[in-house]
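> Below you'll find the structure I mean.
The values are calculated or read from the model by the stated rules, or taken from the named source; none is laboratory data. Because the structure is a prediction, the values reported are computed rather than measured. Here Cβ is always computed from backbone atoms with ideal geometry, including for glycine, and neighbour counts include all displayed protein chains. Remember, those area values only see protein heavy atoms, side chains included, never the ligands or the DNA or RNA. Shrake-Rupley method; radii C 1.70, N 1.55, O 1.52, S 1.80 Å.
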Amino acid sequence: MIKEFKTFIAVARDGTFTGAGAQLGLTQSAVSAQIKRLEDYLGVALFDRSARAAVLNDHGREMLPQAEELVAMAERMASSAGAGHVSGSLRIGAIASVQQDLLVRALGEFRAGYPDVRVRIVPGVSLSLLGQVDAGEVDMALLIRPPFALPPELGWQPLLREEVVLAMPAAMALAQWREVLASQPFIRYDRASFGGRVVDLFLKKQRITVHEAVELDEIEAIANMVRHGLGVALLPRLRGLDTDGLRLVSLGDAAFHREIGLIGRLPFDAGSVRGKMAECLARAAGATLAP
C-alpha cells in the first residue's frame with residue numbers, strides 16, 4: 001500500500017485530486033481509485049466528501065503524519081537495501097493469448113536477473129486491463145492495441161503483429177475464403193474485445209454477411225469449436241496454436257493483423273523494474289517473430 005499512502009500524502013498537501021495527479025503522473029480517476037483502496041484498507045474515510053477541495057477529515061488529519069512516517073521508513077529501507085539488489089513487486093495485466101508464450105519467454109529472462117522481484121499476473125480482456133493501468137491497479141499490461149487514442153500519460157510499446165486468418169475444419173473442402181465466410185456458420189471473435197472489433201471492421205469493409213453461430217473471446221476455444229465442425233472463424237495466427245484438425249487460410253491481398261503491445265504509465269524508465277520488464281518483453285517478442 002506504499003503507493004496509495006504516497007498518493008494520500010500528495011492529495012493532502014496539494015488540496016486537489018487533479019493537482020496531486022499532475023505531480024505523480026496519474027489521472028484524476030487513478031488518484032481517486034488509489035484513495036478509495038486506501039480508505040477501504042484502513043476502514044475509514046480520509047477526506048470530507050462535502051467539501052469542494054480535498055479537505056482532510058478528522059481521520060485524515062490523524063493518519064497524515066503516520067503515513068508520512070511510513071513512507072519515509074519505506075524509502076530508508078529501500079536506500080539501505082544495498083546497491084545492485086532489486087526487490088519489490090510488479091503487477092502485469094495480460095490477455096490470455098500472450099500468457100502461453102510471449103510472457104513465459106520474457107519472465108524467464110526477467111526472473112534470472114531479478115529473482116527477488118515478485119511478479120503477479122492479472123488476467124483480463126484488453127478494455128478491462130486498460131482501465132486497470134489507468135487506475136494504477138496494475139503497473140503495465142499486455143493487450144491488443146486500442147482502437148482509440150490513449151491518455152497522454154500512458155505509453156504504447158508495440159510488440160507483435162499477428163496475421164488474422166480464416167480457420168476451417170481440416171476435413172472441409174477448400175474454397176475461396178469469401179465464399180466460405182458467407183456460406184458457413186461463423187464462430188465470432190467477441191465484438192466487445194479490441195481484437196473482435198478488428199474482425200468486425202474487416203467484415204463490414206468487405207461487405208460480407210456471416211451466419212453467426214457462437215460469439216466468444218477465447219482464441220483457443222474458438223479454434224476448438226472450428227476443429228469440431230461447429231463453424232468457421234477469423235482468428236489470429238498465434239505462435240503455439242494447436243492446428244491439429246484445422247486448416248488456416250490466408251486472406252491474401254485482404255489480409256489484416258491484430259497488434260499486441262505493452263501499455264503503461266510513462267516514462268518506462270530503463271533503470272526501473274518496469275523498464276527492465278519492458279526490455280525483456282521486447283526481446284521475447286523479437287524471438288517470437290523470428291522464423
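> Under the definition of Cα pairs under 8 Å and six or more residues apart, what whole-number percent is the relative contact order of the range 1-133?
Values: 121 pairs, mean separation 27.5, N = 133.
Averaging sequence separation for qualifying contacts and normalising by length gives 21 percent for the range 1-133.
> OK, next. Run down the lysines and flag those whose C-alpha is under 26 Å from the C-alpha of K3, throwing out any fewer than 8 positions away in its chain.
Filter leaves K36, K276.
> Further question on the same structure: Compute, for the chain, the length of the dipole vector about the Cα centre, with Cβ point charges of +1 (Lys, Arg) and -1 (Asp, Glu) only. Units Debye, rounded to 20.
The calculated dipole for the chain is roughly 500 debye.
> Quick one: plug the Kirkwood hydrodynamic radius of the range 1-73 (C-alpha pairs) into Stokes-Einstein at 37 °C, 0.692 mPa s, and report D in µm²/s.
So the translational diffusion coefficient is about 276 µm²/s.
> Hey, any idea what % of the chain's accessible area is carbon plus sulfur with a 1.4 Å probe?
Percent of accessible area from carbon and sulfur atoms in the chain: 54.
> A further question on this structure: I'd like the accessible area for W156, computed on protein heavy atoms only with a 1.4 Å probe and all protein chains in place. Round to 10 Å², please.
My reading of the accessible area for W156 is about 60 Å².
> Taking every alpha carbon pair in the range 217-257, what does the distance histogram look like in 5 angstrom bins from 0, in percent?
5, 22, 34, 23, 14, 2
> Cross-link partners among aspartates and glutamates for K205, C-alpha distance below 19 Å, same-chain residues fewer than 8 apart left out?
Within the straight-line limit of under 19 Å, K205 reaches these aspartates and glutamates: E163, E179, D190, D253, E259.
> Roughly speaking, what is the stretch gain from V249 to I2, that is 0.36 nm per residue apart minus the C-alpha to C-alpha distance, in nm to one decimal?
83.8 nm
> Output the direction-averaged projected area (hull surface divided by four) of the convex hull of the alpha-carbon atoms of the chain, in nm².
For the chain, the mean projected area of the Cα convex hull comes to 18.4 nm².
> Given the -39500 (n - 2.57) contribution per DSSP H run of 4+ residues, what per-residue ellipticity at 222 nm results for the chain, rounded to the nearest 500 deg cm²/dmol?
Helix-only estimate at 222 nm: -13500 deg cm²/dmol.
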